[in-house]
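The values are calculated or read from the model by the stated rules, or taken from the named source; none is laboratory data. In this text the structure is predicted, and so the values were computed from the model without any measurement. Here the Cβ positions follow ideal geometry from the backbone for every residue, glycine too, while neighbour counts run over all protein chains shown. Ligands, DNA and RNA are excluded from the accessible area calculation, which covers all protein heavy atoms including side chains. Shrake-Rupley method; radii C 1.70, N 1.55, O 1.52, S 1.80 Å.
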Amino acid sequence: MKNGIAIAGNLIVDYVKMIDTYPKQGMLCSILDKTQSPGGCAANTLGCIAAMDRDVPLRCFGSIGDDEAGKYIQEFLEKYGICSDGVSIKEGCMTSFTDVMTVKETGARTFFQARGANAVFGLDDLDLEQIGKCRMFHIGYALLLDRFDEEDEEYGTVMAHALAGIQSFGVKTSMDVVSEDGDRFARIVKPSLKYCDYFIANEIEGGNVTGINPRKEDGTLNQEALGEICKKLMTYGVSELIVLHAPEGGAYLTKDGKQGFVSSLKLPEGYIKGSVGAGDAFCAGILYALYQNYSIEEAVVLANAAAAANLSQPDSLSGLRPVKDIFKLSEKYR
């Protein structure tokens, strides 16, 4: 019987600096505080699921450098009971890191990223036999994993090739995308969608893949457009579920045409300490709920609340808590 969740992708150390304001080029701002935490899709999403429920078997696949930051990630995985057999150490590479500049008053963050070992993590680093024993597989981020973003003659991209291979073992597949400026979304993301059972991303990323703007001219969320994005993504080949998250809430579309939107929690003033990793916390909520066979409505409620828990701390993991407490948070601020 298949059991557990495997997550592959970016392993990063986040150095979060709390600043008073984001300066213009050449100007100065004050750093008010700093913290260090694991980051990236694999570390964040696995850590969030482990914080919610330590009984779910979890496996990590990714690459780190032979340095102190790599040891820090290994210690984190061990602390959370996450199997790290799939984590390869790349000699001569530094572990990927991100300087996260977070404005204290708003929680808005800006990222300065060093790809490091993530840039050489590829298909040959995935043990498909071990992944094939799991029930679910998630990978991220497309557009930030150089070798997986490369062209593949048969499948379109190497990430699509990987997902197709994993699906052949009967494993449910899922992917996430990183936000970036540019025109690579459709070329790099679309080939993988036909090999995804689930697609979980934010509204901007979904809009960039489909070419549909998820927001109105005044910047407010256009829920009708969000629904159209979900429908168009489904036509690209996603077989079971699309979920898109935004600060305002989460939208979903199932394979049988069930569509909806669940609003975010109404958090009090001063609650938000940072937003780094909020999307991964949302994704962790969806993956966990799917693994436990929750209804899609319950899944998005849990995901919204997991993201809200994340927002209570400046780093990506400290705010997460057991599932029952996350649901209590949802009841408190709904």
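General observations
- Scope segment 177-202; condition open to solvent by 10 Å² or more (accessible area, probe 1.4 Å) and either polar (S, T, N, Q) or within 17 Å of D280 (Cβ to Cβ) (or both); matching residues: V178, S179, E180, Y198, N202
- Sole residue being open to solvent by less than 40 Å² (accessible area, probe 1.4 Å), modelled with pLDDT of 95 or more and either within 20 Å of G107 (Cβ to Cβ) or not in a strand (DSSP E or B) (or both), chosen from G62, G70: G70
- Residues that are touching a residue at least 60 places away in the same chain (Cβ under 8 Å), within 21 Å of A43 (Cα to Cα) and open to solvent by 10 Å² or more (accessible area, probe 1.4 Å) do occur in segment 142-162, at least one of them.
- Flag if R215 is over 18 Å from the mean Cα position of the chain (by Cα), surrounded by fewer than 24 Cβ atoms within 10 Å (Cβ to Cβ) and over 26 Å from N10 (Cα atoms): yes
- Criterion violated by I5 - all others in (1) out of contact with any helix residue (DSSP H, G or I) (no Cβ under 8 Å at 6 or more places or on another chain); (2) buried (at least 18 other Cβ atoms within 10 Å of the Cβ); (3) at pLDDT 95 or above satisfied: (1)
- Within segment 95-139, the residues that satisfy the criterion of being modelled with pLDDT under 95, touching an Asp or Glu at 6+ places or on another chain (Cβ under 6 Å) and open to solvent by less than 40 Å² (accessible area, probe 1.4 Å) are T98, V100.
- Screening S275, S318, S263 for residues that are of a type in the set (G, A, S), open to solvent by 60 Å² or more (accessible area, probe 1.4 Å) and in contact with a Ser or Thr (Cβ under 8 Å, 6 or more places away or on another chain) leaves exactly one candidate, S318.
- Filter result for G250 (at pLDDT 95 or above, in contact with a strand residue (DSSP E or B) (Cβ under 8 Å, 6 or more places away or on another chain) and open to solvent by 10 Å² or more (accessible area, probe 1.4 Å)): no
- Answer from I73, I49, I12, I31 - the residue that is among the β-branched types (V, I, T) and without any contact (Cβ under 8 Å) to a residue 24 or more places away in the chain: I31
- Residues of segment 8-58 classified as surrounded by fewer than 24 Cβ atoms within 10 Å (Cβ to Cβ), modelled with pLDDT under 95 and at positive phi, total: 0
- For segment 218-229, the set of residues classified as assigned to a loop (DSSP other than H, G, I, E, B) and surrounded by fewer than 15 Cβ atoms within 10 Å (Cβ to Cβ) consists of D218, G219, T220, listed by residue number.
- For segment 278-299, a residue qualifies if it is surrounded by fewer than 21 Cβ atoms within 10 Å (Cβ to Cβ), aliphatic (A, V, I, L, M) and out of contact with any strand residue (DSSP E or B) (no Cβ under 6 Å at 6 or more places or on another chain), but none of them does.
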